[in-house]
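A.B. asks: Take a look at the following structure, please.
The values are calculated or read from the model by the stated rules, or taken from the named source; none is laboratory data. Model, not experiment: these values are computed from the prediction. With ideal geometry, Cβ positions are generated from the backbone for all residues, glycine too; neighbour counts draw on all protein chains shown. Only protein heavy atoms, including side chains, enter the accessible area calculation; ligands, DNA and RNA are left aside. Shrake-Rupley method; radii C 1.70, N 1.55, O 1.52, S 1.80 Å.
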Amino acid sequence: MPPKVKFTRQEIVDAAMRVTRARGADGLTAREIAAELGVSTRPIFTYFDTMEQLRAEVRAAAKELYRAYLERGLAGPVPFYGVGQAYIRFAREEPELYKLLFLTKPGETGGGAMDALRFSQDLTRASVMRIYNMDAKTADCYFRDLWLVVFSFATLIVTDDCPYTDEEMYAVLTEVSLAVCKAYKEVPGLAEGRFDRDAIFTELVKKKSDDQKG
């Protein structure tokens, strides 16, 4: 009779999450997980045929944690602004999971920044459409543009190279959000790429800012 398995599948995934948080995605090995559990590697391969299967489970668990952050942001008084804050907070509080989701090349089971972008868009689309009175195409473009800003800040955070305070980052996010929203509202065909770029820029350059008038 084979020995009874001491750990459940979920307990192994939880241990793999702890290893990822401590050592990063590259440190997620059967040996490290077994050491975390205090056993040999045999129980791991009772539930998982390959380490890639286990890595996929860890990625899925990290994505669900990320979803919880975004949902808390969406529940705030200004949902889209809350999402930006939640994204930055996830990067600060879970840097290795952020790297796993956003800074790791896609594998056979998915992953990568673009996969995470689409996941984020799906979660926020209805909220953006309702609050900003946009159709789905424009809402996705608007989210993409703002996501690229918070992605930049979050990447600076997880690489320990961010010189900005939270207040400074949120101020930039507000400025860009206002500018992008105004552009999509006032430039016909912008979301579809059907607009006269040269004419619009020429008109903008001619305008004086308020502090230059008089």
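A.B. asks: Taking only the stretch 135-153 into account, find how many residues are of a type in the set (D, E, K, R) and touching a helix residue (DSSP H, G or I) at 6+ places or on another chain (Cβ under 6 Å). Don't jump to the end; show me each part of the working.
C.D. replies: First, pick out the residues of the stretch 135-153 that are of a type in the set (D, E, K, R): 135, 137, 140, 144-145.
Within this subset, residues satisfying the condition of being touching a helix residue (DSSP H, G or I) at 6+ places or on another chain (Cβ under 6 Å) are 140, 145.
Looking only at that region, the number is 2.
A.B. asks: Moving on. Could you please find all residues in the stretch 12-33 being among the basic types (Lys, Arg) and either closer than 20 Å to residue 102 by Cα or touching a residue at least 40 places away in the same chain (Cβ under 8 Å) (or both)?
C.D. replies: Of the residues in the stretch 12-33, the ones among the basic types (Lys, Arg) are 18, 21, 23, 31.
Those that are among the basic types (Lys, Arg) and either closer than 20 Å to residue 102 by Cα or touching a residue at least 40 places away in the same chain (Cβ under 8 Å) (or both): 18, 21, 23.
A.B. asks: Can you find even one residue in the stretch 13-22 that is modelled with pLDDT under 95 and of a type in the set (A, V, I, L, M, F, W, C)?
C.D. replies: Filtering the stretch 13-22 down to residues modelled with pLDDT under 95 leaves none.
Scanning the stretch 13-22 turns up no residue that is modelled with pLDDT under 95 and of a type in the set (A, V, I, L, M, F, W, C).
A.B. asks: Still on this structure, I have one more. For residue 55, are the conditions met, namely being charged (D, E, K, R) and under 30 Å from residue 151 (Cα atoms)?
C.D. replies: Values: charged (D, E, K, R): yes; under 30 Å from residue 151 (Cα atoms): yes.
When the stated conditions are applied, residue 55 passes them.
A.B. asks: Hey, residue 178 hits all of (1) closer than 27 Å to residue 89 by Cβ; (2) open to solvent by less than 60 Å² (accessible area, probe 1.4 Å); (3) hydrophobic (A, V, I, L, M, F, W, C) but one; which does it fall short on?
C.D. replies: (2)
A.B. asks: For residues that are closer than 22 Å to residue 105 by Cβ, touching a helix residue (DSSP H, G or I) at 6+ places or on another chain (Cβ under 8 Å) and without any contact (Cβ under 8 Å) to a residue 40 or more places away in the chain, scanning just the stretch 34-72, find the one that is most open to solvent (accessible area, probe 1.4 Å).
C.D. replies: Result: 65.
A.B. asks: Moving on. Pairs under 6 Å by beta carbon, first residue closer than 21 Å to residue 66 by Cα in the stretch 151-168, partner open to solvent by 60 Å² or more (accessible area, probe 1.4 Å) and of a type in the set (Lys, Arg), six or more apart or different chains?
C.D. replies: Matching pairs, first to second residue: 157/92; 158/99.
A.B. asks: Within the stretch 91-126, restricting attention to residues that are assigned to a loop (DSSP other than H, G, I, E, B) and loosely packed, with under 14 Cβ neighbours inside 10 Å, which residue is modelled with the highest pLDDT? Outline the logic, then answer.
C.D. replies: From the stretch 91-126, those assigned to a loop (DSSP other than H, G, I, E, B) are 94, 103-106, 108-109, 111-112; that's our starting set.
Those left that are additionally loosely packed, with under 14 Cβ neighbours inside 10 Å: 105-106, 108-109.
Working: 105: 81, 106: 77, 108: 56, 109: 55.
The qualifying residue modelled with the highest pLDDT is 105.
A.B. asks: Spot the failing condition for residue 139; the list is (1) free of Cβ contacts under 8 Å to residues at least 60 places away in the same chain; (2) out of contact with any Lys or Arg (no Cβ under 6 Å at 6 or more places or on another chain); (3) in a helix (DSSP H, G or I); (4) surrounded by 12 or more Cβ atoms within 10 Å (Cβ to Cβ), and only one is missed.
C.D. replies: Answer for residue 139: the failing condition is (2).
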